[in-house]
Amino acid sequence: MRVLFVASEASPFAKTGGLADVAGALPGALARLGCDVTVVIPAYREAVANAGAHGLPIEPTGMTFGVPLGQLTVEASILRSRLPAKEGSPSVEVLLVANDECFDRPTLYGGPVDYPDNATRFTFFSRAVLELACRQERPFDVIHCHDWQTGLVPAYQKLLYQSWPMVSRARTVMTIHNMAYQGVFWQWDMLLTGLDWKYFNWEQMEFYGQLNLLKTGIVFADAVTTVSPTYAREIQSAPGGCGLEGLLASRSDALSGIVNGIDVDVWNPQTDPHIPRHYAEDSSADGKHAAKVALAARLGHAVPDDRPLIAFVGRLAEQKGVDLVIELLGRLGGTGRAHFVVLGTGNDGIEESLRRMASSFPETIDLVIGFDEGLAHLVQAAADMMLVPSRYEPCGLTQLYAMRYGTIPIVRATGGLVDTVVDTTPDTLRAGTASGFVFEAFDARALEQAVLRALDAHANADVWTSLVQRVMRQDWSWDSSAREYLTLYKGMARG
Ligand code: ADP
Ligand code: GLC
């Protein structure tokens, strides 16, 4: 099974969120199952720098070609690298599409405001992927695309590349990581795509008068997946579908939800280079204490006291329910019942509100604004509880990393959080299935109740230790989800 895996970010090359973690780990898991996987991403400035920083080879392939983009032909040159090698796994080739004007920029997508030419950049990338695939020596069985940045790929494969033997027989999969980001651009960007205007209609590429790239991918792909079964259901009605619920419901036969896994080598408290003392289930108390000391030193504190440490790590976006966290900090910050640490970056207004809240309770709230991979690992190791109070959450990886580090997740019952965390009740404790604290209503009081339940449980050493050990024993590796993708690929493959 030969698979072309197309994404706009992949760890450790370039990352703004969970998509990168998926695109950095799932290909390796598929390769372990015998798939021949090639990953394609843009050659961002950050991707080239990170390859160097991680000691990964990055070299020109010598392959250069012109990519049709509207009336122009724009040159792409292809670099080659590999995902970090893993013991017992075939190494996965990564091809990077380089064009300095498009990708040699400080950030991936712009920010705080998106780059005004993102439609151009990702139309170029998507078309370059097909041109690149046509120039390979062996045909692809599956082209697996992720999110709006690659939404044109299934359309190109079906509409423009049917006479190219390396791609013509491929089946396309469109994986949706987040319905809230659809890549919606003004209608004249249709000209960039090189596709006939007849496809610019409400059933295919058009969305309220604009061009919608995620919709395009959903319409033209042979199969559509999203990153958890619950989210697959939620997006078939409003508000989860963000306007595309009708389309998704009409494609329900082709739509499935496969829960994300995690890279258990990168996120492993027994080997993590970002934490001071490695630990396993039976040594988590020591490991966590050492991580707390290191974190306190990093944040400029004295050695921490024995209050539970409650963390939040994530994008500061409306999706993540940071407004509930801010209210929670207001309610609990002064009580002395817990210490809090928040690591995130994103929306200016949210950052400002967090700053104000942290300055009201400087003794109990640590705030780090920024994106810091190493610190995210250290916080996961140091914390006792991880807040994931999302408004909606397609899958969520933070709660999975938390569990691997013996950090008990406190999550809202939405999307993938429903599929991955089991609320702690007398029944689930008895049954041995409890793995966190779950609340339903999107309001700060409900979050506070869940946190108070967690704090009560924390005060009972037996209950807490058994919870911590149980979550650390869970297997969230990619193995079983990769098998589900492989089954999907095989079910679609042409005989
Ligand atoms: P999403 O993709 O919606 O942001 P996920 O939970 O799937 O949410 O993945 C988030 C990923 O981004 C995790 O790997 C998390 O550790 C990481 N992350 C988010 N914010 C930060 C930050 N400020 N610094 C470091 N890592 C972060
Ligand atoms: C998106 C979602 C997140 C998911 C990630 C990886 O960013 O917001 O829930 O875990 O993609 O699939």
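The values are calculated or read from the model by the stated rules, or taken from the named source; none is laboratory data. Just so it is clear, the model here is predicted, and its values are computed rather than measured. Backbone-built Cβ (ideal geometry, glycine too); neighbour counts: all protein chains shown.
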Quiz item: Inside the range 102-213, counting only strands (runs of 3 or more DSSP E) that do not spill past its ends, which hold 1 or more residues that are modelled with pLDDT under 95 and over 30 Å from residue 234 (Cβ atoms)?
Solution: none
Practice problem: May I ask you to list the residues in the range 99-134 that are touching a residue at least 24 places away in the same chain (Cβ under 8 Å) and within 12 Å of residue 183 (Cα to Cα)? | Solution: 109, 118, 119, 120, 121, 122, 123
Practice problem: Check the range 411-419 and report whether any residue there is surrounded by fewer than 24 Cβ atoms within 10 Å (Cβ to Cβ) and either near ligand 1 (Cβ under 10 Å from one of its atoms) or under 28 Å from residue 275 (Cβ atoms) (or both). | Solution: yes
Self-check item: Index of the failed condition, residue 343 passing every other in (1) under 22 Å from the mean Cα position of the chain (by Cα); (2) crowded, with 22+ Cβ neighbours inside 10 Å
Solution: (2)
Quiz item: In this structure, is residue 376 in contact with a strand residue (DSSP E or B) (Cβ under 9 Å, 6 or more places away or on another chain) and closer than 27 Å to residue 440 by Cα?
Solution: yes
Quiz item: How do the pairs read when you match residues in the range 279-301 that are closer than 19 Å to residue 468 by Cβ and at pLDDT 95 or above with residues anywhere that are assigned to a helix (DSSP H, G or I) and small (Gly, Ala, Ser), using Cβ under 7 Å and keeping only pairs 6 or more apart or on different chains?
Solution: 279/287; 287/381; 288/381; 288/382; 291/381; 291/382; 292/382; 295/382
Quiz prompt | Exclusive hit being more than 30 Å from residue 336 (Cα to Cα) and within 15 Å of ligand 2 (Cβ to nearest atom), set 264, 259, 313, 219 | solution = 259
Quiz item: Which pairs have Cβ atoms under 6 Å, sit 6 or more apart or on different chains, and link a residue in the range 20-45 that is closer than 21 Å to residue 104 by Cα and aromatic (Phe, Trp, Tyr) to one that is within 16 Å of ligand 2 (Cβ to nearest atom) and assigned to a strand (DSSP E or B)?
Solution: 44/14
Exercise. Could you check how many residues of the range 234-278 are assigned to a helix (DSSP H, G or I) and within 23 Å of residue 486 (Cβ to Cβ)?
Key: 3
Quiz item: In this structure, does residue 446 turn out to be more than 16 Å from ligand 2 (Cβ to nearest atom) and part of a loop (DSSP other than H, G, I, E, B)?
Solution: no
Exercise. Give me a count of the residues in the range 364-391 that are among the hydroxyl-bearing types (Ser, Thr, Tyr) and either near ligand 1 (Cβ under 8 Å from one of its atoms) or out of contact with any His (no Cβ under 6 Å at 6 or more places or on another chain) (or both).
Key: 1
Quiz item: Mind checking which pairs have a first residue in the range 180-204 that is assigned by TED's automatic domain parsing to the domain that holds residue 7 and farther than 18 Å from residue 122 by Cβ and a second that is surrounded by fewer than 17 Cβ atoms within 10 Å (Cβ to Cβ) and at pLDDT 95 or above, Cβ under 8 Å, 6 or more apart or different chains?
Solution: 196/159
Quiz item: Checking residue 53 against (1) crowded, with 22+ Cβ neighbours inside 10 Å; (2) within 16 Å of ligand 1 (Cβ to nearest atom); (3) of a type in the set (A, V, I, L, M, F, W, C), which single condition isn't satisfied?
Solution: (1)
